[in-house]
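The values are calculated or read from the model by the stated rules, or taken from the named source; none is laboratory data. These figures come from a predicted structure and were not determined experimentally. Cβ placement follows ideal geometry from the backbone for every residue including glycine, while neighbour counts extend to all protein chains displayed. Surface accessibility is based on the protein's heavy atoms, side chains included, excluding ligands, DNA and RNA. Shrake-Rupley method; radii C 1.70, N 1.55, O 1.52, S 1.80 Å.
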Amino acid sequence: MARAAGVSTATVTRTLQKPDVVKAATRERVMEAVRRLGYSPNPMARNLRHGSPAGVVGLVTAGFTNIFQAWVAAGAEAELRRAGLQLLIGSTDDDPAREPELARIMIDRRVSALLMMPDGDDRDFLRPEYTYGTPVVLVGRPANGLDVDVVMTTDDQAVDEATDQLLRLGHRRIAALAGRADSFRAAQRLSGYRAALARHAVPEPQDLVVTGLTSPQEINAAVTELMRMSEPPTAVLALNLGISSGVLLDRIVNRRDTAFVALDENDLSAGLGISAITRDPFELGRQAALLALERITDPTARPRTVTLPSLLVRRGSGEVPPPSAATDGVPAAVPHEVVQSDGSGVARD
């Protein structure tokens, strides 16, 4: 910039830090060079110069009220802290359109790596020409053609196993409640549901698959409408934590005994014996941080994908047969049994 403006580097520094002490004409030449060269300050370098910690890794999440993603952040922060780095968090407030903006803000601040939990399918803003070599790790989302590191969970396999269990118990009216239809998470989990139905040659009950549930009011309305049907569901799969909480509340208030499997859980649902598909968000964040640290150390290494299991925990609510239905001799599962996917679509202890 000094060469472009025809001034000394000291003058550039004064213009950017104390513009009032620089002559107007000189200041304008420097700022014109800034605009022409696309310069932006490097906060990390400034921190290093003043003796502050310079190692910062960015994390873009859907929201600070999302408990699962909060635990992902906790796991990443714990691992990064051990390595002497700090975590900088940004929230899209459940708006996928803000993902490119937040990624750009992180990159402009020269984060050492960027952890992304995108809801949308767009990955173009994470291509190398836009990240300027910043290592990117996708957390719980596929790469969609990018050469980046990924950490995933087997939600589809676990939902397949939960659906398979309900089908073997005799259920044919199984409701599946999911979030935004265009989100990867909803699509991944519904694919597991549909795979189990197809394997049992059971047509998908279109009236029982409800997507786009993003608020407590929508969840309550959906469950109420389902249960008022002339042929209501005999089992419910709730495919994210918010929906699981809403279905549980309806179950308590209305004293329902419909078979129920939640995805993710809290102390209350576990204490009430709710069968659940569980994941370890802390470990998910920790593994994402480890991938980032490895990529910072060796930028030329081949991208890696780490897959963590989603587990079906049987506590009783998901092992309830439909009213008056035969179970073909298949016994209900033992409460508190943990079933883990082995990647074959068949459950094993």
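Given the conditions (1) closer than 24 Å to ARG185 by Cα; (2) over 17 Å from the mean Cα position of the chain (by Cα), report the number of the one that ARG81 does not fulfil.
Every condition holds for ARG81 apart from (1).
Answer yes or no: is there a residue in the range 72-82 that is surrounded by 19 or more Cβ atoms within 10 Å (Cβ to Cβ) and among the β-branched types (Val, Ile, Thr).
The answer is yes, given that some residue of the range 72-82 is surrounded by 19 or more Cβ atoms within 10 Å (Cβ to Cβ) and among the β-branched types (Val, Ile, Thr).
Can you report the number of residues in the range 203-241 which are of a type in the set (Ser, Thr, Tyr) and touching a residue at least 40 places away in the same chain (Cβ under 8 Å)? Working first, answer last.
We begin by selecting, within the range 203-241, every residue of a type in the set (Ser, Thr, Tyr); these are 211, 214-215, 224, 230, 234.
From the residues that got through so far, the ones that are touching a residue at least 40 places away in the same chain (Cβ under 8 Å) too are 214, 234.
Number of matching residues: 2.
What about THR297, is it within 30 Å of LEU85 (Cβ to Cβ) and without any contact (Cβ under 8 Å) to a residue 24 or more places away in the chain?
Values: within 30 Å of LEU85 (Cβ to Cβ): yes; without any contact (Cβ under 8 Å) to a residue 24 or more places away in the chain: yes.
It is true that THR297 is within 30 Å of LEU85 (Cβ to Cβ) and without any contact (Cβ under 8 Å) to a residue 24 or more places away in the chain.
Out of the residues in the range 298-349 that are surrounded by fewer than 18 Cβ atoms within 10 Å (Cβ to Cβ), touching a strand residue (DSSP E or B) at 6+ places or on another chain (Cβ under 6 Å) and charged (D, E, K, R), which is modelled with the highest pLDDT?
The residue in question is ARG304.
Which pairs turn up if I take residues in the range 170-187 that are more than 18 Å from GLY246 (Cβ to Cβ) and look for partners that are open to solvent by 50 Å² or more (accessible area, probe 1.4 Å) and not acidic (Asp, Glu) with beta carbon separation below 7 Å, at least 6 apart in sequence or on another chain?
The qualifying pairs are GLY170/PRO321; GLY170/ALA326.
Out of the helices (runs of 4 or more DSSP H) lying entirely within the range 1-117, which hold 1 or more residues that are modelled with pLDDT under 85?
Passing ranges, in order: 9-17, 24-37, 43-49.
Report the residue count in the range 121-174 for those that are closer than 20 Å to ALA97 by Cβ and either of a type in the set (Asp, Glu) or in contact with a His (Cβ under 9 Å, 6 or more places away or on another chain) (or both). Full working, then the answer.
To start, the set of residues in the range 121-174 that are closer than 20 Å to ALA97 by Cβ comprises 121-127, 130-131, 136, 138-142, 144, 146.
The next check asks that each one be either of a type in the set (Asp, Glu) or in contact with a His (Cβ under 9 Å, 6 or more places away or on another chain) (or both); those that pass are 121-122, 124.
Looking only at that region, the number is 3.
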